[in-house]
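These notes concern the structure reproduced below.
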Amino acid sequence: MENAFNLVIRFAKPEDITELVELHCRSFTPEQHVPVVIGKHYIKAIFKWILQNPLTYAFVAEENHRLIGYICVCDHAYSSRMFLACLPDFIKSVIRNPKLIGSKLLWKRFLRREGYKDEKAKMIASHPGLTYIMFGAVDGNARGKGVYIELYNAVKKYSVTRGARALRGDVYKHNSVMRRVKEKDHWIEIPELETSETVAYFYFLDQSMIDELNLDYPVN
Ligand SMILES: CC(C)(COP(=O)(O)OP(=O)(O)OC[C@H]1O[C@@H](n2cnc3c(N)ncnc32)[C@H](O)[C@@H]1OP(=O)(O)O)[C@@H](O)C(=O)NCCC(=O)NCCS
C-alpha cells in the first residue's frame, strides 16, 4: 500500500524490532505506557511476543524506507496474555534494576483492577469478533499527516480476514491527540466501558454488531 507522500504500510517483521523499540520508547512517557518504566529489554520482549504469537500482529509505516509509525493488534483481549508471556523478561528486568520494585507507577498499574460496570458492559466487552488495538505511535517528525489513520485502514482491511467484526481501542482520557484521531476516523465512544482513566472506542466493521450490542445511543 503506497500513497501520495510516499508512505508504505506493510506487516512488521522481526528485523524491525530494534527500530520499533526505539520508536516506542521515544513516543511514550511511562504515564502513557507503563512498560516503558521497566526498560528497553522488556519492550523488546513485548514486540518479540507480538510478532511471534499467532493471535497478534503489527503493521509499520515507512516513508523513504524509514520506519515512521506502527500499530500492534490482538484478535482478543491481550493484557493478561501479554503480561504472562513476558513475565520471565519482567523478572530479569527487575533483577537487573531492583529500583523498579519501588516504582509507584508500576504498583499503581498492578493494583488497578477495574472490573466491568455491569452485565451490559461485560456483554459488550466479551462479544465475539472484537479485535483489540494494543498500542501504536507515529514518529515526532511525521505527525499531523494522517499516518496513524493509514495504519488503522490497514488493520480494518486485514482484521476482517481474521474474523474481526469491530475494533476496540482504549485511550487515556488526557491523550487529546489520540482522541482527536479516533474522532476524525469516526470511532464511537462506548461509555459502558469507560474507566476512571480511559475511554473505550469501537470501530464497527460489521454494522449488524451494533444491533447485537443493543447500544441505546446514536452510532454513526
Ligand atoms: C497519536 C498519534 C499516533 C497520532 O498520529 P498522527 O499520524 O500524527 O495523527 P494525525 O496526523 O491524524 O494528527 C492527529 C492530530 O495531531 C495533531 N498534530 C498535527 N500536527 C502535529 C505535529 N506536527 N506534531 C504533533 N501533533 C500534531 C493535530 O491535533 C492533529 O489533528 P488535526 O488533524 O485535527 O489537526 C501520534 O501523535 C503519537 O504517536 N503520539 C504518541 C503516542 C500515542 O499517544 N499513541 C496513542 C496511544 S496507543
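Below are the figures for this structure:
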{"quantity": "Condition check for Ala4: within 15 Å of the ligand (Cβ to nearest atom), out of contact with any Ser or Thr (no Cβ under 7 Å at 6 or more places or on another chain), at pLDDT below 95 and over 23 Å from Lys173 (Cα atoms)", "calculated": "yes"}
{"quantity": "Test: residue in the stretch 70-81 that is of a type in the set (D, E, K, R), more than 13 Å from the ligand (Cβ to nearest atom), modelled with pLDDT under 95 and part of a helix (DSSP H, G or I)", "calculated": "yes"}
{"quantity": "Which listed residue, of Ile68, Ile91, is surrounded by 14 or more Cβ atoms within 10 Å (Cβ to Cβ) and either of a type in the set (A, V, I, L, M, F, W, C) or under 22 Å from Glu150 (Cα atoms) (or both)", "calculated": "Ile68"}
{"quantity": "One residue from Lys104, Lys120 being surrounded by 11 or more Cβ atoms within 10 Å (Cβ to Cβ) and of a type in the set (Lys, Arg)", "calculated": "Lys120"}
{"quantity": "Pair list, Cβ under 7 Å, 6 or more apart: the stretch 94-111 residue without any contact (Cβ under 8 Å) to a residue 60 or more places away in the chain, other residue surrounded by 13 or more Cβ atoms within 10 Å (Cβ to Cβ) and of a type in the set (A, V, I, L, M)", "calculated": "Val94/Leu100; Ile101/Val94"}
{"quantity": "The lone exception for Ala85 - which of (1) in contact with a helix residue (DSSP H, G or I) (Cβ under 7 Å, 6 or more places away or on another chain); (2) within 28 Å of His174 (Cα to Cα) it fails", "calculated": "(2)"}
{"quantity": "Selection within the stretch 123-176 - surrounded by 15 or more Cβ atoms within 10 Å (Cβ to Cβ), over 20 Å from Asp206 (Cα atoms) and small (Gly, Ala, Ser)", "calculated": "Gly136, Ala137, Ala142, Gly146"}
{"quantity": "Hits in the stretch 21-45 - residues which are within 13 Å of the ligand (Cβ to nearest atom), part of a helix (DSSP H, G or I) and within 15 Å of Tyr70 (Cα to Cα)", "calculated": "Leu23, His24, Cys25, Arg26, Ser27"}
{"quantity": "Matching residues, the stretch 47-65, being free of Cβ contacts under 8 Å to residues at least 40 places away in the same chain and outside any loop (DSSP other than H, G, I, E, B)", "calculated": "Phe47, Lys48, Trp49, Leu51, Gln52"}
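Conditions tested, residue by residue: (1) of a type in the set (Asp, Glu); (2) touching a residue at least 12 places away in the same chain (Cβ under 8 Å).
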| residue | (1), (2) |
| --- | --- |
| Ala125 | no, yes |
| Ala137 | no, yes |
| Tyr152 | no, yes |
| Lys157 | no, no |
| Thr161 | no, no |
| Ala164 | no, yes |
| Asn175 | no, yes |
| Glu212 | yes, yes |
| Val219 | no, yes |
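Yes/no matrix, rows are residues, columns are (1) within 17 Å of Ile133 (Cβ to Cβ); (2) surrounded by fewer than 19 Cβ atoms within 10 Å (Cβ to Cβ); (3) within 21 Å of the chain's Cα centre (by Cα):
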position: Asp185; (1), (2), (3): yes, yes, yes
position: Leu193; (1), (2), (3): yes, no, yes
position: Thr198; (1), (2), (3): yes, yes, yes
position: Tyr201; (1), (2), (3): yes, no, yes
position: Ser208; (1), (2), (3): no, yes, no
position: Glu212; (1), (2), (3): no, yes, no
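The values are calculated or read from the model by the stated rules, or taken from the named source; none is laboratory data. Keep in mind the model is a prediction, meaning the values are calculated, not measured. Note that we place each Cβ from the backbone using ideal geometry, even for glycine, and neighbour counts take in every protein chain shown.
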